[in-house]
1. What's the number of the only condition in (1) exposed (fewer than 15 other Cβ atoms within 10 Å of the Cβ); (2) among the β-branched types (Val, Ile, Thr); (3) within 12 Å of chain A (Cβ to nearest Cβ) that B:Thr86 fails to meet?
2. Within the stretch B:120-153, can you find the residues that are under 29 Å from B:Val69 (Cβ atoms) and either facing chain A (nearest Cβ under 7 Å) or touching a His at 6+ places or on another chain (Cβ under 8 Å) (or both)?
3. Got a number for residues in the stretch B:165-177 being at pLDDT 90 or above and surrounded by fewer than 19 Cβ atoms within 10 Å (Cβ to Cβ)?
4. Taking helices (runs of 4 or more DSSP H) that fall entirely within the stretch A:87-159, which contain at least 2 residues that are modelled with pLDDT under 80 and within 14 Å of chain B (Cβ to nearest Cβ)?
5. Could you pull out the residue among B:Gly112, B:Gly101, B:Gly76 that is among the small types (Gly, Ala, Ser), at pLDDT 85 or above and either part of a loop (DSSP other than H, G, I, E, B) or touching a Pro at 6+ places or on another chain (Cβ under 9 Å) (or both)?
6. Tally up the residues in the stretch B:180-190 that are within 7 Å of another protein chain (Cβ to nearest Cβ) and part of a helix (DSSP H, G or I), please.
7. Output yes when any residue across the stretch A:74-92 is farther than 30 Å from B:Arg145 by Cβ and either hydrophobic (A, V, I, L, M, F, W, C) or touching a strand residue (DSSP E or B) at 6+ places or on another chain (Cβ under 7 Å) (or both), and no when none is.
8. May I ask you to list the residues in the stretch B:160-179 that are more than 14 Å from B:Ala122 (Cβ to Cβ), assigned to a loop (DSSP other than H, G, I, E, B) and in contact with an Asp or Glu (Cβ under 7 Å, 6 or more places away or on another chain)?
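The values are calculated or read from the model by the stated rules, or taken from the named source; none is laboratory data. All figures in this text were calculated on a predicted structure; none of them were measured in a lab. Cβ: placed from backbone, ideal geometry, glycine included. Neighbour counts: every protein chain shown.
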Amino acid sequence: MPSEGKKRNIGREDIRGIIELCRSVQSRGLNPFLVDVDDLVAILRKYFSEWKDSEDLCLDAEALNEIASVIKLQSEWVKRRSTSLYTDPFLLEEKVRILSKEKIAEVFLQAWHPIAELEQISIRSLEDALRYWENLLPLDERLLSEGSLRVEPGTITREELVKIGILAEEAFLEEMRSLWNELKEKAGEEGRIRYWDFIGSNTYQETVRRAYLTSFLVTYGYATMEIYPLEEEMFLKPLKEPPLGAERKTRGRKERRERLFSIPIPISYEEWMEWRRRQ
Amino acid sequence: MEKETVRRPRGRRKAYYTMKMRRAIHLLLFKRHSKPGAKGWELRRILGPDYMKVIRVLDDYLENLDLKVNMVFEEGVDKENLENPTPEQLNKARFYITLRGTLTPRETKLLGWRIDDIAALAITISHIISKDGKAPRKEVEDLLRTKLPSWRTEMNLNRFIRYGYIGEDENGQLYLDWRTRVEVDSRKLIDLLLRTEVEETAGLYNQSTSFSMETEDQEGEN
């Protein structure tokens, strides 16, 4: 019994402390988010069953009332911050993420006063044009030097695109590696994941992009595929060790020539819709 | 000079200012340098010492056309002193003619701006402002990627740099450049962005998501 009385006394002290804390935040105009409301509510909950007297219950209610006032202050603080000139990067970033592109553009248009200007030829641009014209070879000479030939349409590989600088090798490999890590994560303990569950995304465009990258994951030896034609099931299995680098592409291919075969996998819009419905 | 203009008969004074206004509009509208507009000292040299009066008359005239003469002081000028700038500050200030009001989304399309591009510009500018005027390019790109495809993000940032809305230093930090200072009411932009109601926007977000999906799908099919 005395221990119960002691517990109540400690509880009363704690609750008075809560009331004092909340009041000081209100009176001193401190940042209301300095108060951890969850903690305070947990303390109230902890002692609530102990209260028998109306006096203690009133104290509890008062503390709850003060906490509610702090929550109100927190709400006002957020509002004030959002309307004043202060710009909280986090808040702004969140707003940008939540708002639609259309809404952001609409807001921007209200603060945008574009310059009215007219571009016209100037002495300097005339000089530049003249210099360019003087250095320009006659058309027949230009055609000769460039040796223009009629080329029939054909196909080009990714490696060739990289070589002529249209595709960036490093960026692509980086993207592929991040997809490989994602695959390893999603495959989990089972060590494999359904093909469509991995490549499927919210948009058809993104799904196609993922399927495209996945095809390279398999080709370059970052992952393998398990195909069950009868069940119409395809699984992706990530390999734990990374391939041996860029030379892997060529050497690996040579080594695995006998085992390598191509599997065309259609990624049609209908199939994507079907997958989305199943999700 | 001020005394001379006061002494002019009314008709001659009107003709005088009309002539000066014409000269001023030529200087301000036609692009002669890499940047549009004219510096204060250029205006003073061509329009005379009472050029600020000419600018004020021109500004009143342009109001009917929804245009205004915008005066942008050099960076670092104390904003509190802008009410009464010194002749030195005016000399170094740059004067532009800008839209007094705002454009509608339809009008921006006619100017060659896509809604996506405008949203990207708004996000870029607001993010840089929130980071006290400088933000790493990668950070801005990551933020833009939440709204735009990667290829469009890079293209847009390069375009904004080319137009003078933002600049990039040797450390890959983006900052607000001259065109943003001229064209964008930064305070208003941040204020409006933060004040936009979330409840309202949540609905719009869903709407826009489905819309963009449709367009993407159409593009994909094409």
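1. Exception for B:Thr86: condition (3).
2. Those that are under 29 Å from B:Val69 (Cβ atoms) and either facing chain A (nearest Cβ under 7 Å) or touching a His at 6+ places or on another chain (Cβ under 8 Å) (or both): B:Leu121, B:Ala122, B:Ser126, B:Ile129.
3. 4
4. Numbers: elements: A:89-98, A:101-110, A:123-135, A:139-146.
Result: A:123-135.
5. Within the list B:Gly112, B:Gly101, B:Gly76, the selection yields B:Gly101.
6. Residues meeting the conditions: 6.
7. Scanning the stretch A:74-92 turns up at least one residue that is farther than 30 Å from B:Arg145 by Cβ and either hydrophobic (A, V, I, L, M, F, W, C) or touching a strand residue (DSSP E or B) at 6+ places or on another chain (Cβ under 7 Å) (or both).
8. B:Gly164, the sole residue that qualifies.
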